[in-house]
1. Could you sort 119-130, 194-205, 86-97 so that the peptide with the highest average Cβ count within 10 Å comes first and the rest follow in order?
2. Residue 328 versus residue 426, label points 7 Å from Cα toward the beta carbon: distance in nm?
3. With labels modelled as points extended 7 Å from the Cα through the Cβ direction, what inter-label distance (nm, one decimal) is found for residue 246 paired with residue 480?
4. For Cα pairs less than 8 Å apart in space and 6+ apart in sequence, what is the mean separation divided by the residue count of the chain, i.e. the relative contact order in percent?
5. Pop a pseudo-label 7 angstrom from the Cα along the beta-carbon direction at both residue 349 and residue 253 and give the gap in nm to one decimal.
6. Check cross-link reach from residue 310 to the lysines: straight Cα distance under 21 Å, and skip same-chain residues fewer than eight apart.
7. Return the tail of the calculated pair distribution for the chain, meaning the percent of Cα-Cα pairs more than 41 Å apart.
8. Any idea of the accessible area per residue across the chain, 1.4 Å probe, to the nearest Å²?
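The values are calculated or read from the model by the stated rules, or taken from the named source; none is laboratory data. Bear in mind the structure is a predicted one, so any value in this text is a computation, not a measurement. In this analysis, Cβ positions are derived from the backbone assuming ideal geometry, glycine residues included, and neighbour counts consider all displayed protein chains. Remember, those area values only see protein heavy atoms, side chains included, never the ligands or the DNA or RNA. Shrake-Rupley method; radii C 1.70, N 1.55, O 1.52, S 1.80 Å.
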Amino acid sequence: MAAIGVHFGYTCACVAIFKDGRADVVANDAGDRVTPAVVGYRDTEQIVGIAAKQGRVRNAANTVVRVKQILGRRFNDPETQTHKGETKCQVVSRGEKPYYEITAGDHPEYVAPEDVAKLIFHKMKETAQSALGSDVSDVVITVPFEFAPNQKRALREAAEAAGFHVLRLIHEPAAALLAYNIGQDHTSGKSHVLVYKLGGTSLSVTVLQVNGGMFRVLSTHTDHGIGGESFTQALAQHLASEFKRTFKHDVSSNARAMLKLMNGADMAKHSLSSLGSANCFVDSLHDGIDFECNVSRARFELLCSSLLNKSIQPIQLLLEKAGLSASSINKVVLCGGSARIPRLQQIMREMFPDVELLSSAPPDEVIAVGAALEAGLLVGSDSFVLEEESVTVDVSAADILIKEVDESGAEVLTVLLPSGMPLPARRHHVLSGGGKQSSLCLDIYQRFVMEQPEQLSKIVFRDLQPSEADHNIDVVVTMKRDGSIHVSCVEQTTGKSEVVTITAAAAAAAAAAS
């Protein structure tokens, strides 16, 4: 029985099929193995993939890009507002949820992000079915480690609406390890693996411990401030400068011209991963002027030197956070389309000179392959027996915070346990309040990456005796490996104590209700 693995990224999507004991990425109808996660709306049809991406130059107001950025989010979410400011397609609020306003037809149409994602999933399903020659619906979908419950649920619902039967959502680093058969030998000893993913709009670095077929996440870091599009933008700006130098026209503020240059820069960037130079040609860039420019790999690396440095900066901090050094790492797995950049791979080899750098599988395909292998296990297509989840998450997926009042009387949130902290973890904090107050309140929150804080619990100390000195409460917050949170509080003067335990299920429910 066949099964599918889908990697739904911020800028691209990729599908792999599991059949006859192996997993392979399959090409779409344009012959590409990776499909741009772009949907273009026209009067009577919707277009998904490369045609929508290229057509964005003329149809930007009705073309949706990076829909994954706002899946499962509310309209007032800061990340939604960032997306709203960056996209050319209008984002509006309907029932406190974001919708895209499509004006391709006679009347405006309002499309939910989940409906856009459904079209991309449907494209993945069609691509897989075309390769197999038969219908297939069982799928494993990958998600970023920092995805909140609402985002996971929205992604799952979009896939189900496209006709998929979702077997499981698995974390992207785990899928990458599966693709290289890491951790599948249950007799192997303990090892440490670093998964480095430089995708279209984000950088993600994860350190895992592999032991007896189990993956344990030791530490993880995600930066949405850098990705493949940052490199494309740097090259596009260079092309704009070259056009200005040659033709004395500045197109840097011309949105349509810059979209054309971004498309050309993106193609050149991909070519430079395998060639020493690339030719960029843009038809009628400005006032009917055709533009052609040759860019060498050395020039590209020079233009992107600061981005390359920024791309590797988190690694050392992450290793220190996990209590490891570069020599402690046994393997490095490269993922994401921008991990193809030769200079980046060279820097990684210099950073880990004695470590096996795994990049034989195309970095932008490896996660989908791992998802397909997991799908094959779940549908029983191989002789393996799946006894339990292959990943043990031993880091906090969300910030744990408490609300306090500062010296000016303003309410502030203080992070006690940051996301990505290895578990179990414990933090001590002193909550202070004026001596004249008769009660003190301790509010406990959680906050997923780029999400609004959600209240988990409230502890109130009442009937406090007036005092010249401040009331001080010792707070100890402990988070266990299963995600449960234990909070104990003791008022220093009276010794009065309060204890509360928040289960992992209760924390997930709080996230889902937000």
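1. Numbers: 119-130: 21.9, 194-205: 25.6, 86-97: 14.5.
Sorting 119-130, 194-205, 86-97 by mean packing, highest first, produces 194-205, 119-130, 86-97.
2. 2.1
3. Result for the modelled spin labels: 6.6 nm.
4. 14
5. For residue 349 paired with residue 253, the spin-label model returns 4.6 nm.
6. Here the lysines satisfying the reach criterion relative to residue 310 are 197, 269, 321.
7. 27
8. On the way: 22590 Å² over 514 residues.
Per residue, the chain has 44 Å² of solvent-accessible surface.
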